[in-house]
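Below is one structure; the comments refer to it alone.
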Amino acid sequence: MSVSHKVGTMKSKQAPNVNSHQKAAVAKGVKAIGKKKDEEEGLDTAEGEEWMQGKTLVKPPDQLDLTEAELNEEITRVLKASNPNAPQNVVRYSFKEGCYKPIVFVDQMAIHFELEGNLVHKESDEGRRLMAKQAEVDDGGGVERPDNVAIKAAKREQKLTNQFNFNERASQTLNNTPRDISCQTEPPPRANFSATANQWEIYDFYVEELQRREKSKEKHEGQFLNKEEDKSKKKMIQAETQNDDISQLAKAVKIIERMVNQNIFDDVAQDFMYFEDASDEFRGEKGTLLPLWTFQYDKAKSLSVTALCWNHKYNDLFAVGLGSHEFTQQGGGMLLFYTLKNPSYPEFIFNTASGVMCLDIHEHLSYLVAVGLYDGCVAVYNLKKKTDQPIYNSRASSGKHTSAVMQVKWQKDDLDSNHNFISVSADGRLVSWTLVKHELVFTEIIKLPVIDTIPDDLKDVIPTVGTSLDFHKQKDYSFLVGTEHGKIHKGSKYYSSKFLEKYDAHFMNVTRVKWNPFHPDVFISCGWDWMVKIWDQTMKSPVFTFELKTSVTDVAWAPYSSTVFAAVTTDGKVHVFDLNINKYEALCQQKVVSKKTKLFNIEFNPVHPIIIVGDDRGHVTSLKLSPNLRKKPKFNRLNQKF
Amino acid sequence: MAETVDGKKEDADYKRLQSFPLIRHTDMPEEMRVETMELCVTACEKFASNNESAAKMIKESMDKKFGSSWHVVIGEGFGFEVSHEVKNLLYMFFGGSLAVCVWKCS
């Protein structure tokens, strides 16, 4: 707010001391003002004393002494509108002309007082906004929404509104409780050491060292020749380590193969382990066989199973011998090893030149397998070796059988700790083979007696075919041989000329003869004449006879009970008997293979309650025995019946 | 006279032949052993007359390199029995008559 002064002159005739009222006379009138002030001061301070003092003109001591003429001089004062404090000589640098130029028009405004107001015009933006806010606050927000929306500015303002009208909500997540964990590592291991450091000890040691060095120098010179060998060895080792990588992979792959198989056959595995047929309770004495895995090998399709044997050490491993029973259909043969852990592929595969007729796994050394072939050879395989060939083969041996080998059985190691086994073959001879170093040495044990019906001059030519052989469990020297004519001969290893006993067992081929694992006198035999007969070795006639409607191809005693046995027939049925429970009937007669498939072999697993049966298609089927078939006798009843 | 001369020669030979550093017993790993042996040799050569400073040098270097705390004994005639952390002991001969035993035990 500037008040423009009119430039005017004011003549003043007042006394010079009154001139001090002029604002512009600051510089000149300092003293005058000073005097006036004093006067005023005097007046002010002595307000109460005004009436006392009246007008006493006091001269300040430093006032100018002027003459009367000078005092009466008229001094012109000019009032200007210009700001005396504004600079009059402002100079600005002009870039256009490149020199400093004085600015003519200087701002003459002097601001004495400033106050910012808070009044807003109604029609302005801000005013309108405030009015809107007011309306909102008055009416409580939500209802006035449409009104607010109408006003365009309101949209943005809502956010602003929320800034002042907001809710605070806090929540605290669950903090895990702090736990103290402390750990103390084991201190590094310490050891004690003691020694003495003497001059002579030092000397001795140095001397020793020197000697050692001399020796090594001599050796070193001699070793120059060996260096080349070492290099070649190193190369071999490198190659082996490369192979090791793959072989390590093979192990992992094998495990995965088993896992995959387990997954595929998971239900079967579960059944094998845990399934117990509950319906056996309702079936009285009868039992059933639950089929588990089926083992088959593609390349063995044309072959039939001729032998089965469980491994004693590894209870899930069993051997299958494949060949052919038919005389006219002889081809190659195979020896396969399956494990229950991998039902889809055999663990070991061996190809043989002719059909396998029988096999036996050594009781203690479960990697030794003796195999008898159709062409009369016997071979021994070592599972630990990676080769496909048997470690022993009687091919070239002079004492080899001239006909098919029907049964082989391992014996106890002889006096020289050599392994040996005995074989019986269709040429009527029992031969013992001993594994000596790299060859099989044969020892003839006995020749099967010729039957009477053959005329004398042909007795040497036509042999008695031995079909089955079994050794007594306890009395190792005593054995039984079954023949094609249906006779069973009991012999002893100590008597090589004669048999001890002869039993007229069957009318036809005796396919299997087996001692009872528990009872010392009992054995069982089966044959093509549909019969299964149980004998006591002291008696000439059988104790039990069972007729099974078709040729019986194999029979086996159960390892857990002395009264349980199972037989297989050519009509594909498995018959399980328990003499403890039922002396006349089978507890289970079940067809386990498809029609027209003959079963040839049966074996009980020594540990698990399963049996495996081999058929003429080359398949091996495993079956689980139901509880009724697995009853263990409380005492040996078999003794009682005699 | 000839014998004494020979004897002296032998002595000189013996000194020459038998002053190489020889490890009497150690259970250190290969690298550590080599390093420690070289350090001992350096220290003993440097402070041939003062076993204490040699030992001090060895001990301080070992502490820095392999952690505390190491113990060093250098001498020509002493017997000892120490407990040491496994794989941290070196007992060697040097210079034909000096024995150095270095072990760690905190």
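The values are calculated or read from the model by the stated rules, or taken from the named source; none is laboratory data. Computed from a prediction, not measured in an experiment: that's the story for all the values here. No Cβ is skipped: glycine too gets one built from the backbone with ideal geometry, and neighbour counts run over all protein chains shown. For accessibility, only protein heavy atoms count, side chains too; no ligands or nucleic acids. Shrake-Rupley method; radii C 1.70, N 1.55, O 1.52, S 1.80 Å.
Provide A:K219, A:K385 ordered by accessible surface of protein heavy atoms (probe 1.4 Å), highest first.
Ranking A:K219, A:K385 by accessible area, largest first, yields A:K219, A:K385.
Normalised by the residues of region A:526-585, what does the relative contact order come to in percent, with Cα pairs under 8 Å and at least six apart? Provide the component values of the computation, followed by the final result.
Values: 102 pairs, mean separation 14.7, N = 60.
Relative contact order here is 24 percent.
Work out the mean other chain Cβ neighbour count within 10 Å for the residues of B:19-32 and drop it here as an integer.
Taking all residues of B:19-32 together, the mean is 2.
Which three lengths, in whole Å and largest first, does region A:374-486 cover when its Cα atoms are put on their principal axes?
Extents along the principal axes, in whole Å: 49, 33, 21.
Compute the convex hull volume of the Cα atoms of region A:248-320, divide it by the residue count, and report the result per residue in Å³ as a whole number. Intermediate results must be reported in sequence, preceding the final value.
Working: hull volume 12.0 nm³, N = 73.
It is 165 Å³ per residue.
Over 27 Å between C-alpha atoms is what I'm after, so list which of A:K385/A:K409; A:K313/A:K409; A:K400/A:K490 land there. Don't jump to the answer; show the numbers that get you there.
Values: A:K385/A:K409 22 Å; A:K313/A:K409 17 Å; A:K400/A:K490 23 Å.
Flagged as over cut-off: nothing, all pairs pass.
Packing-wise, with mean Cβ within 10 Å as the measure, how do A:587-600, A:615-628 rank, highest first?
Averaged packing, sorted descending, gives the order A:615-628, A:587-600.
Tell me the volume per residue, in Å³, of the convex hull enclosing the alpha carbons of region B:27-106.
83
For chains A and B, what's the summed buried accessible area, probe 1.4 Å, to the nearest 100 square angstrom?
Counting both chains, the buried surface is close to 2300 Å².
Anything losing 10 Å² or more of accessible area from the isolated chain to the full protein assembly: pick those residues out of region B:80-97, probe 1.4 Å, ligands and DNA/RNA ignored.
Checking the loss per residue gives B:F80, B:E81, B:V82, B:S83, B:H84, B:E85, B:V86, B:L89, B:Y91, B:F93, B:G96, B:S97.
Show me the ranking of peptides B:34-47, A:316-329 by mean Cβ neighbours inside 10 Å, starting with the highest.
Working: B:34-47: 17.3, A:316-329: 19.4.
Sorting B:34-47, A:316-329 by mean packing, highest first, produces A:316-329, B:34-47.
Give me the extension gain from A:W200 to A:F327: residue separation times 0.36 nm, minus the current Cα-Cα distance, reported in nm with one decimal.
Contour length minus the Cα-Cα distance gives 36.8 nm.
I need the per residue convex hull volume for region A:316-449, using only the alpha carbons, in cubic angstrom as a whole number. Mind showing how you got there, number by number?
On the way: hull volume 15.5 nm³, N = 134.
Hull volume over Cα atoms, normalised by residue count, gives 115 Å³.
Relative contact order of region A:286-425: what whole-number percent is it, with Cα pairs under 8 angstrom and at least 6 residues apart?
Reported relative contact order: 16 percent.
Provide, in order from the shortest bin, the percent of all Cα-Cα pairs of region A:430-565 in each 5 Å bin, continuing until the bin that contains the maximum pair distance.
Distribution as computed: 2, 10, 19, 21, 20, 14, 9, 4, 2, 0 percent.
Filter the cross-link list A:K286/A:K583; A:K386/A:K437; A:K502/A:K632; A:K386/A:K473 down to pairs whose alpha-carbon distance in this structure exceeds 21 Å.
Flagged as over cut-off: A:K502/A:K632; A:K386/A:K473.
Could I have the simple spin-label model distance between A:H121 and A:S541, label points 7 Å from Cα toward Cβ, reported in nm to one decimal?
14.3
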